[in-house]
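Presented below is the structure to which this report refers.
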Amino acid sequence: MILRKRIEIEGVVQGVGFRPFVYNSALYWGVSGYVLNNSRGVVIEVEGPFEKLAGFLWKVRSDTPPLASISRFEVVDIDPCGDDGFVIRESEGDQQAVAQISPDTFVCDACLEELFDPDDRRYRYPFINCTDCGPRYTIVTGIPYDRPKTTMADFTMCPSCQAEYDDPSSRRFHAQPNACPDCGPQVELCDADGAVIDSDDPVARAVELLRQGKIVAVKGLGGYHLAVDAENEMAVARLRERKKRDEKPFAMMVSSVEQVLEFSTATPDEIKLLGSVERPIVLIKKKEGTSIAASVAPRNNYFGVMLPYTPLHHLLLKEYFTALVMTSGNISDEPIAFEDDDATTRLAPIADCFLHHNRRIYMRADDSIGRIIDGKAVMLRRSRGYVPRALFLSMQLPEVLATGAELKSTICLTQGDRAYLSQYIGDLKNDEVYGSFCRTIDHLEGLLEIKPKVIAHDLHPDFYSTGYAEGRDDLERVPVQHHHAHLASCLAENGYEKDAIGIIFDGLGYGIDGNIWGGEFLVGGYRSFKRMGHFSHIAMPGGDAAVKEPFRMALSYLFRVYGEELPDLELVRSVPKKDLQLLRQMVDKGLNSPLTSSCGRLFDGVSALLGLRRSVTYEGQSALELEQAADPMADGCYPFNLVKDEGGFALDYSSLISAIVDDIQAGESVGEISGRFHNTIANVALSAARRIWSLTGLETVALSGGVFQNRLLTEKVVHSLRDDGFTVLTHAQVPPNDGGLALGQAVIAAHQAGI
Ligand code: ZN
Ligand code: ZN
Ligand code: FE
């Protein structure tokens, strides 16, 4: 008996080789019918005897292409119509562009096998790809996603490549970046002055140079990396010096998981994240005494590790290196270079030579960074490999553009039940980064065909992202308080639509009272919020200078707690008398000393008190070192008070600071003190949550803000809240730091706007 079924599939099923996969499955099982893309995903109709249909359905359901993920799979019986054979039909209706552009993806196993097969026509060809893998977002120039709208438009396929492209049974059917050595992009090795270094095999020559300890700028998927042999201390130290990067750890690309285990104590969760299709950088705990150069990650217990993700990376690493330092191609805080001329100019003072290629990068995308916290993969930077994949929301939203924060800028566009968070853009104070911010907005609005009517931005009047929003007078403008946006971001990621308690432990964000907030206990949802409590406000002597020099914060806490008589501490002794006096005057008179309730600044101050960090060389360094110094087994907790404050409560940390000072004077170890400090902040969170519960009855707590990149603290907070019966919402796909802020802004604006 012949049956016919109609199957509707939703999820990530377009631009991932799904139709050829369905086609081949149909041929295999000998069923007839068709497959096509429509605006919601993929539709299949198949006809055949029951056993064959069952086999086909089982295969389509369980053996999907590596990049596909199915969110809905519905099968209905319809009347047979006796068609012959199986075909891939033209797409149907007003197909949304959004479904079609997938993120850039690591080279698949089938392509890798060909890459290293001497008999294959793409043997050692650095641009091998197929429908399951290769560049996407970074090469797309517009829609529809088709070769002419990618930077592969520069190359015409040879007859062999074209035949694969046209053949539904080929792995390269409609693979837009399809190429081979005869017709596709080529690599070129140049010296620091831009002169071509003649070579039959530029990649092999680059390997030789790397082995000699040279610094090679390598053009990758989303920009240039600076590469150097990670086992060569001299070479790594030279890179550090030339890059003007004092202490911030360098990321490494490691040839295999086995090698990663040689010099780190990667857990199964970390290995899983490392090998995920997005191939992010994963923070993994170091082993001591390995062959990796000390200056890869000085004063740090962790390595940032990733696996090779392009064919070129495999060619560079395979058999030659345990690990290469692969740090973004820039000088200190500038954006990563991605255009050949710009890279040559900007990186010439650093790189000894350049491994260029002539496939243009249209959109810059940095490597993503993730960390396992409480058994969950948490993105600290969500960029290459993830963008422009949609985040699915629990609700339907109008089209909104949110412009994010300033330092870890990302933007967000919403449409229906989807939110699109952009790649990491960087610090908008840099002109070039701001240019890239504007370009990203234009590009994503075009690609996703989203025409926002509402624009959301931070409350901070001086942020460039606020300035941009003010310039878009075609749109309704909704300013959003920074920590309200953090709260909403966490709620939206978790699909939680009711009011919740928000514990926002953050660096700095503009408050509705004009002070700088950052240690906040909120209650609210998408429509509104109320500030129930906060860390006590304290002066930041010198404003920004107090962020770069945490010892200023330490002194500010000491002034508050001890008044005139400062305790006898190494830190106090180390500051010249007149500097002390000056700082005290600034604080007393409120000269260039804005008030803050920041949690991040408290971590900075304690770090300085303990002698870990007087000043920082990169953002977040002192809090990170405080976390790493902590003895996770330390028990005990310092005293603190939640005191009454206008309309709510405030954390008074006088007893906390004086107890820490006592411990320092008693010669207690830094590890023990830091451990107790972490326990204390977790207890603060629990006490605050209980107090808010007693006032509101709310039992769900959302955790957000940059301080929750701290694994030790996050795990302590989550466990103590859970043990007490609270439901705890945390971030995973969306960064807890300002990189996730735009999502919260967008959702709030969608609820507050007059549309
Ligand atoms: Zn492939
Ligand atoms: Zn070709
Ligand atoms: Fe923030």
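Brief remarks follow.
- Within segment 101-184, the proportion of C-alpha pairs whose separation exceeds 20 Å stands at 27%.
- The helix-based estimate of mean residue ellipticity at 222 nm for the chain, built from -39,500 (n - 2.57) per DSSP H run of four or more residues and divided by its residue count, is -10000 deg cm²/dmol to the nearest 500.
- Each Lys and Arg adds +1 at its Cβ and each Asp and Glu adds -1 at its Cβ; summed about the Cα centre, segment 533-729 shows a dipole of about 480 debye.
- As a fraction of the 1.4 Å probe accessible area of segment 621-703, surface on carbon and sulfur atoms comes out at 50 percent.
- Whole-percent pair-distance distribution, where bins are 10 Å wide, for the alpha carbons of segment 188-235: 26, 55, 19
- Derived scalar couplings ³J(HN,Hα) [segment 394-404; Karplus, 6.51 cos²θ - 1.76 cosθ + 1.60; whole Hz; x for Gly, Pro]: 7, 9, 9, 10, x, 7, 10, 10, 10, 9, x
- Legend: Rg and Dmax of segment 598-651, from Cα coordinates, 13.9, 39 Å.
- Qualifying trypsin sites (Lys or Arg not before Pro) for segment 471-515 [loop in DSSP, other Cβ within 10 Å: at most 13]: Lys498
- Residues in segment 44-66 reached by a label modelled at Ile2 [backbone nitrogen below 17 Å; 7 Å Cα→Cβ]: 45-54
- Principal semi-axes in Å for segment 404-518 [√(5λ), Cα gyration tensor, largest first]: 22, 19, 13
- Alpha-carbon centroid distance for the pair segment 265-305 / segment 625-675, whole angstrom: 30 Å
- With a simple spin-label model that places each label point 7 Å from the Cα along the Cα-to-Cβ direction, the separation between Arg72 and Glu339 comes to 4.2 nm.
- Counting DSSP beta bridges with both ends in segment 187-357, the antiparallel % (nearest 5): 80 percent
- The relative contact order of the chain comes to 11 percent, based on Cα pairs under 8 Å that sit 6 or more residues apart.
- Å² per residue, accessible surface of the chain at 1.4 Å: 38 Å²
- Once the Kirkwood radius over Cα pairs is known for segment 126-225, the Stokes-Einstein relation at 10 °C and 1.306 mPa s delivers a diffusion coefficient of 104 µm²/s.
- Antiparallel bridges, percent of DSSP beta bridges restricted to the chain (to nearest 5): 75 percent
- Compared with the direct C-alpha span, the chain from Glu247 to Ala153 gains 29.7 nm at full extension, assuming 0.36 nm per residue.
- Annotation: amide H of Ser593 within the under-5 Å range of Gly542, sequence separation 5 or more or interchain, hydrogens built in the peptide plane.
- Taken over the alpha carbons of segment 533-729 as equal point scatterers, the Debye sum produces base-10 log I(q)/I(0) values at 0.10, 0.13, 0.18 Å⁻¹ of -0.41, -0.69, -1.30.
- Between the helical axis of 741-752 and the longest alpha-carbon principal axis of the chain there is an angle of about 90 degrees.
- Temperature 37 °C, viscosity 0.692 mPa s: under these conditions the Stokes-Einstein estimate for segment 287-409, based on its Kirkwood radius over C-alpha pairs, is 182 µm² per second.
- The alpha carbons of segment 1-158 occupy a box of 51, 39, 28 Å along the principal axes, longest dimension given first.
- Given in Å, the Rg to one decimal and the Dmax to the nearest whole number for the Cα atoms of the chain are 27.5, 96.
- Dipole magnitude for the chain: about 1000 debye, using +1 per Lys or Arg Cβ and -1 per Asp or Glu Cβ, origin at the Cα centre.
- Cα centroid of segment 309-323 to Cα centroid of segment 380-416, whole Å: 32 Å
- Annotation: amide H of Arg613 within the under-5 Å range of Ala608, sequence separation 5 or more or interchain, hydrogens built in the peptide plane.
- Spatially proximal lysines relative to Lys149 (Cα-Cα < 28 Å; intrachain offsets below 8 disregarded): Lys219, Lys451, Lys453
- Cα Rg, Dmax (largest Cα-Cα span) when computed across segment 307-359, Å: 12.3, 33
- Calculated FRET efficiency for the pair Leu27/Arg722, C-beta based, R₀ 56 Å, to 0.05: 0.65
- Between Ala666 and Glu288, the modelled label-to-label distance comes to 2.7 nm, taking each label 7 Å out from Cα in the direction of the beta carbon.
- For segment 134-144, 3J(HN,Hα) per residue [Karplus equation, 6.51 cos²θ - 1.76 cosθ + 1.60, θ = phi - 60°, Hz, x = Gly/Pro]: x, x, 9, 3, 6, 10, 6, 9, x, 10, x
- Thr150 long-range amide H proximity, modeled H, under 5 Å: Thr141
- Candidate lysines for bridging to Lys59, where Cα separation is under 22 Å - those fewer than 8 sequence places away on the same chain excluded: Lys5
- Whole-Hz couplings from phi, Karplus 6.51/-1.76/1.60, listed for segment 694-711; x for Gly and Pro: 5, 8, 10, x, 6, 10, 10, 10, 9, 10, 8, x, x, 5, 7, 6, 6, 5
- If you plug the beta carbon distance of Asp117 and Asp182 into 1/(1 + (r/R0)^6) with R0 = 22 Å, you get a FRET efficiency near 0.85.
- Inter-label distance, nm, simple model (7 Å from Cα along the C-beta direction), Asp579/Ile512: 4.0 nm
- Its Kirkwood hydrodynamic radius, worked out from the mean inverse distance over all distinct Cα pairs, puts segment 187-357 at 15.9 Å.
- Of the GluC sites (Glu not before Pro) found in segment 493-587, those that fall in a DSSP loop while having at most 11 other beta-carbon atoms within 10 Å are Glu564, Glu565.
- Of Ala110, Asn330, Asn710, farthest towards positive along the dipole that unit charges on Lys, Arg, Asp, Glu beta carbons give the chain: Asn710
- Part-to-part distance (alpha-carbon centres) for segment 143-177 and segment 574-597, which is given in Å: 64 Å
The values are calculated or read from the model by the stated rules, or taken from the named source; none is laboratory data. Quick caveat: nothing in here was measured; it's all calculated off a predicted structure. So basically every Cβ, Gly included, is an ideal-geometry build from the backbone, and we count neighbours across all protein chains shown. Just so you know, the surface numbers come from the protein's heavy atoms only, side chains and all, with ligands and any DNA or RNA stripped out. Shrake-Rupley method; radii C 1.70, N 1.55, O 1.52, S 1.80 Å.
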